[in-house]
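Visitor: Take a look at the following structure, please.
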């Protein structure tokens, strides 16, 4: 197979794309807010990755063509190579870490999943009819203003922005190259979440592989935004833990959490609510005596993110609404009855059993709430879980479409995207129980 010229070319492009992902993590954006000296290996790389995606989003919001954005990226990449060459030439700044082994494992798993996608680059129904249409507009050097004529124009633009950028980075015809970024982000978010625990390298690799096996399905990378939402929410859980439960409310962590929340808002319309769950948790449960009225300032920051998205949509004459006209108050009045509540509850229960990650986490959560004497994080995790469950009920009760049809279509993506909320109490339980 590898003697085929076309296949070899495709494989080289795949390797090159993953290499670009790695280079993005060492672009020194983290120096912008690096007032703290004790920033970990993965924290700095996550900051670089998240900052880059925010920059990519901003350049598109400025109505720039993809060609200009790519040229800007090439310049940043060139400067990064020179910067890192300078660091490595300075012997005093050379640092080695066991985390390098974790990086190699991440690359290997990312390559394995990427090859599986390359063999069968299937797109989901929604991706074929909605998301790839938006992506092609960017690919054709159309600007954000052209989205007003795209299918489901009210949907956020982060997924097609990322997809089109990496698809066109090497001027290739292989659209799946643009989707490989979601594989990398997904794996990186899991590995970064495990930084909560003080595990040795081998144990961290084992834990990483277990979480990947518990959550991985190849069809998650078929062009839908659920995997993007999952990865960003999981990233936010790590920094929510650091700020609230580890009392590390550094400027670096707070800025990074807001950058992630901004991407969640731009990744899917449900992200407006998920970002609120995260930011309100920060406002209500964080203890930052050094910052007066911290909770109010945090909520103002969230409101600014939402208003900015509304402003951008209005400025470019793109309709801003939650998916369709089928979400309305009168629908809630009609749908709010015992029969529908029981129906939603049934689908929640049955689909939890179809979501491997929730099967793994929910028993541990019950044990944590029922028997653990150390109730550190109890109020925070209870707040996040309850507000997310309420959101799921309201999501369907406000909808005007056929209830059971919506439940069949939307329940599993909602449960999967929000499953990182349930990983937070599990992390607290395991860390406390085993003194990690």
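The values are calculated or read from the model by the stated rules, or taken from the named source; none is laboratory data. Just so you know, these numbers come straight off a predicted model, no measurement behind them. Ideal geometry is used to build each Cβ from the backbone, glycine not excepted, and the neighbour counts take in all protein chains shown.
Visitor: If you take the residues in the stretch 246-279 that are in contact with a helix residue (DSSP H, G or I) (Cβ under 9 Å, 6 or more places away or on another chain) and assigned to a loop (DSSP other than H, G, I, E, B), which one is surrounded by the fewest Cβ atoms within 10 Å (Cβ to Cβ)?
Guide: First, pick out the residues of the stretch 246-279 that are in contact with a helix residue (DSSP H, G or I) (Cβ under 9 Å, 6 or more places away or on another chain): 246, 248-250, 252-268, 270-279.
Next, from what is left, pick out any that are assigned to a loop (DSSP other than H, G, I, E, B): 246, 248-250, 268, 270.
Details: 246: 13, 248: 15, 249: 20, 250: 17, 268: 23, 270: 24.
Out of the qualifying residues, it is 246.
Visitor: Taking the options 200, 204, name whichever one is surrounded by fewer than 20 Cβ atoms within 10 Å (Cβ to Cβ) and within 18 Å of residue 105 (Cα to Cα). Step through it out loud before you land on a result.
Guide: Values: 204 fails: surrounded by fewer than 20 Cβ atoms within 10 Å (Cβ to Cβ).
It is 200.
Visitor: Given the residues 106, 159, 111, 147, which is the only one that is at pLDDT 90 or above, closer than 25 Å to residue 272 by Cβ, touching a helix residue (DSSP H, G or I) at 6+ places or on another chain (Cβ under 7 Å) and assigned by TED's automatic domain parsing to the domain that holds residue 196? Break it down into steps so the answer makes sense when it comes.
Guide: Details: 106 fails: closer than 25 Å to residue 272 by Cβ; 111 fails: closer than 25 Å to residue 272 by Cβ; 147 fails: at pLDDT 90 or above.
Matching residue, one of 106, 159, 111, 147: 159.
Visitor: Tell me which of these residue 304 doesn't satisfy, since it passes every other one: (1) under 26 Å from residue 321 (Cβ atoms); (2) surrounded by fewer than 23 Cβ atoms within 10 Å (Cβ to Cβ); (3) at pLDDT below 95.
Guide: It is condition (3) that residue 304 fails.
Visitor: Could I ask something else about it? Taking the stretch 4-34 as the region of interest, how many residues are part of a loop (DSSP other than H, G, I, E, B) and closer than 21 Å to residue 107 by Cβ?
Guide: Step one: list which residues in the stretch 4-34 are part of a loop (DSSP other than H, G, I, E, B), which gives 4, 26-28, 33-34.
This time we only want the ones that are closer than 21 Å to residue 107 by Cβ, so: 26-28.
Residues that pass the stated criteria total 3.
Visitor: Hey, another quick one. Within 23 Å of residue 271 (Cβ to Cβ) and at pLDDT 85 or above, is that true of residue 360?
Guide: Working: within 23 Å of residue 271 (Cβ to Cβ): no; at pLDDT 85 or above: yes.
No; evaluated as a whole, the condition is false for this residue.
Visitor: Another question, then. Test residue 282 against the stated conditions and say whether it is assigned to a helix (DSSP H, G or I) and within 20 Å of the chain's Cα centre (by Cα).
Guide: Working: assigned to a helix (DSSP H, G or I): yes; within 20 Å of the chain's Cα centre (by Cα): yes.
When the stated conditions are applied, residue 282 passes them.
Visitor: Let me ask something else about it. From (1) modelled with pLDDT under 90; (2) in a helix (DSSP H, G or I); (3) crowded, with 17+ Cβ neighbours inside 10 Å, pick out the condition that doesn't hold for residue 78.
Guide: (3)
Visitor: Pick from 233, 243, 218: which is farther than 18 Å from residue 109 by Cα, in contact with a helix residue (DSSP H, G or I) (Cβ under 7 Å, 6 or more places away or on another chain) and surrounded by fewer than 24 Cβ atoms within 10 Å (Cβ to Cβ)? Lay out the reasoning, then the answer.
Guide: Details: 233 fails: surrounded by fewer than 24 Cβ atoms within 10 Å (Cβ to Cβ); 218 fails: farther than 18 Å from residue 109 by Cα.
After ruling out the rest, the residue left standing is 243.
Visitor: Outside the structural domain of residue 228 (by TED's automatic domain parsing) and surrounded by fewer than 16 Cβ atoms within 10 Å (Cβ to Cβ) - does that describe any residue in the stretch 416-427?
Guide: Step one: list which residues in the stretch 416-427 are outside the structural domain of residue 228 (by TED's automatic domain parsing), which gives 416-427.
Of the ones still in play, those that are also surrounded by fewer than 16 Cβ atoms within 10 Å (Cβ to Cβ) are none.
Looking for residues that are outside the structural domain of residue 228 (by TED's automatic domain parsing) and surrounded by fewer than 16 Cβ atoms within 10 Å (Cβ to Cβ), one finds none in the stretch 416-427, hence no.
Visitor: Let me ask something additional. Answer yes if at least one residue in the stretch 355-374 is without any contact (Cβ under 8 Å) to a residue 60 or more places away in the chain and either in the same structural domain as residue 216 (by TED's automatic domain parsing) or closer than 23 Å to residue 280 by Cβ (or both), and no otherwise.
Guide: Yes, the stretch 355-374 has at least one match.
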